[in-house]
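For reference, the structure discussed in these notes is given below.
The values are calculated or read from the model by the stated rules, or taken from the named source; none is laboratory data. Small disclaimer: the values here were computed from a predicted structure and weren't measured. Here the Cβ is made from the backbone with ideal geometry for all residues, glycine too, and neighbour counts use every protein chain on show. What goes into the accessible areas is simple: the full protein's heavy atoms, side chains included, and nothing from ligands, DNA or RNA. Shrake-Rupley method; radii C 1.70, N 1.55, O 1.52, S 1.80 Å.
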Amino acid sequence: MGVVNVTPDSFSDGGLYLEPEAAIAHGAELADEGAEILDVGGESTRPGADEVSVEEEVRRTEPVVSDLAGLGHTVSIDTSKLAVATAALDAGATIVNDVTALRGDPEIGALCADRGAGLILMHMQGDPRTMQEDPRYEDVVDDVRAFLAERVEAALAAGVAEERIWIDPGIGFGKNLDHNLELLRRLGELRQLGRPLVVGTSRKSFIGKLDGSAAEERIGGTIASSVYAAAEGADVLRVHDLPELAQALRVAAAILG
Ligand code: HH2
């Protein structure tokens, strides 16, 4: 899954693809480089990010979704707002990536059910403004697994077909360094839920906490964590840097046989 951020303030690529033409060209390039899904987002979820109005989020994302879907690409919309998700599905997206797992706008469940769309449910403790202040868990993997099990039930109750539901531990969302590392180390335990796993480690700050690197210097850490996640059973890797990761995954797959 390649990331297409149509935002001025995303933590690693904010402002680079704010114009629709730039975002569309970037998405097409990611697809060329091997991305099978293009994840279009119009609001940053980084800690402390400003909230964006529904109108502005639709204005940013809709033309990009429309063009990329029109080119034949599979597009997901990274949003927690019903109106943004609706506009994106109308424009040709087929997956909703909801980082609040239906807690922001629960009606996204019925929308996905209605349209036969895929739905990604991600774990987050707290909300983006405050989530990194002091995250706490009894046992981070057990807590995330219980949360995701409960959100899968909520999606099923809204009518979403089970085979269209994907789950994501939400690396960096209300987690300190140890929480992120433990979730990755024990990722296989989330497979007990029986749903495909999406994992996003790309350029995230846990990598910088290990070596002091800035966001654009974290490709090595992104590859190491993504290859490890794939070996532990991740089905979708959400990343910014496609060619490097695609090569790493090909080599890892060849070794594992
Ligand atoms: N991470 C980000 C955004 N959306 N969605 C899922 N399912 N999983 C993730 O790990 C995830 C996500 C954060 O990355 P990015 O989009 O690059 O940054 P920002 O939120 O600042 O735009």
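Output the residue which, of all residues in region 160-180 that are open to solvent by 50 Å² or more (accessible area, probe 1.4 Å) and in a helix (DSSP H, G or I), is nearest to Ala215 (Cα to Cα).
Initially, region 160-180 is screened for residues open to solvent by 50 Å² or more (accessible area, probe 1.4 Å), giving 162-164, 176, 178.
After this cut, where a residue has to be in a helix (DSSP H, G or I) as well, the list is 162-164, 178.
Working: Glu162: 35, Glu163: 34, Arg164: 32, Asp178: 19 Å.
Once the filter is applied, the top-ranked residue is Asp178.
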Exercise. Scan region 1-20 and report the pairs whose first residue is closer than 20 Å to Ile37 by Cα and whose second residue is in a strand (DSSP E or B) and more than 9 Å from the ligand (Cβ to nearest atom), with Cβ atoms within less than 6 Å and a gap of 6+ or a chain change.
Key: Gly2/Leu38; Val4/Leu38; Val4/Val40
Self-check item: Contacts under 8 angstrom Cβ, first residue in region 228-240 being closer than 15 Å to Gln192 by Cβ, partner among the small types (Gly, Ala, Ser) and within 12 Å of the ligand (Cβ to nearest atom), 6 or more apart
Solution: Ala234/Ser226
Quiz item: Failed condition for Ala49, given (1) touching a residue at least 60 places away in the same chain (Cβ under 8 Å); (2) surrounded by 18 or more Cβ atoms within 10 Å (Cβ to Cβ); (3) hydrophobic (A, V, I, L, M, F, W, C), with all others met?
Solution: (2)
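Identify, from the list Leu148, Leu156, Leu111, the residue that is buried (at least 23 other Cβ atoms within 10 Å of the Cβ) and in contact with a strand residue (DSSP E or B) (Cβ under 9 Å, 6 or more places away or on another chain).
Numbers: Leu156 fails: buried (at least 23 other Cβ atoms within 10 Å of the Cβ); Leu111 fails: buried (at least 23 other Cβ atoms within 10 Å of the Cβ).
Going through Leu148, Leu156, Leu111 in turn, just one is buried (at least 23 other Cβ atoms within 10 Å of the Cβ) and in contact with a strand residue (DSSP E or B) (Cβ under 9 Å, 6 or more places away or on another chain): Leu148.
Where residues in region 228-243 are assigned to a helix (DSSP H, G or I) and in contact with a strand residue (DSSP E or B) (Cβ under 9 Å, 6 or more places away or on another chain), which of them is most open to solvent (accessible area, probe 1.4 Å)?
So in region 228-243, the residues assigned to a helix (DSSP H, G or I) come out as 228-231, 242-243.
In the following step, the residues that additionally are in contact with a strand residue (DSSP E or B) (Cβ under 9 Å, 6 or more places away or on another chain) were identified as 229-230, 242.
On the way: Ala229: 0, Ala230: 36, Leu242: 13 Å².
Step by step, filter region 228-243, then rank; the result is Ala230.
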Quiz item: Which of (1) surrounded by 22 or more Cβ atoms within 10 Å (Cβ to Cβ); (2) away from the ligand (no atom under 11 Å from the Cβ) does Ser76 not meet, given it meets every other one?
Solution: (2)
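If only one of Gly27, Gly70, Gly92, Gly15 is of a type in the set (Gly, Ala, Ser) and within 13 Å of the ligand (Cβ to nearest atom), which one is it? First the steps, then the outcome.
Working: Gly27 fails: within 13 Å of the ligand (Cβ to nearest atom); Gly70 fails: within 13 Å of the ligand (Cβ to nearest atom); Gly92 fails: within 13 Å of the ligand (Cβ to nearest atom).
Result: Gly15 is the single residue among Gly27, Gly70, Gly92, Gly15 that is of a type in the set (Gly, Ala, Ser) and within 13 Å of the ligand (Cβ to nearest atom).
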Practice problem: Report, ordered by the first and then the second residue, all pairs with beta carbons closer than 6 Å, sequence separation of six or more or different chains, a first member in region 203-214 that is within 14 Å of the ligand (Cβ to nearest atom) and open to solvent by 10 Å² or more (accessible area, probe 1.4 Å), and a second member that is at pLDDT below 95 and assigned to a loop (DSSP other than H, G, I, E, B). | Solution: Arg203/Ser12
Quiz item: Among the residues of region 128-145, which ones are assigned to a loop (DSSP other than H, G, I, E, B) and surrounded by 15 or more Cβ atoms within 10 Å (Cβ to Cβ)?
Solution: Pro128, Met131, Gln132, Pro135, Tyr137
Practice problem: Identify, by number, the condition in (1) in contact with a Ser or Thr (Cβ under 6 Å, 6 or more places away or on another chain); (2) more than 15 Å from the ligand (Cβ to nearest atom); (3) not basic (Lys, Arg) that Leu256 doesn't meet. | Solution: (1)
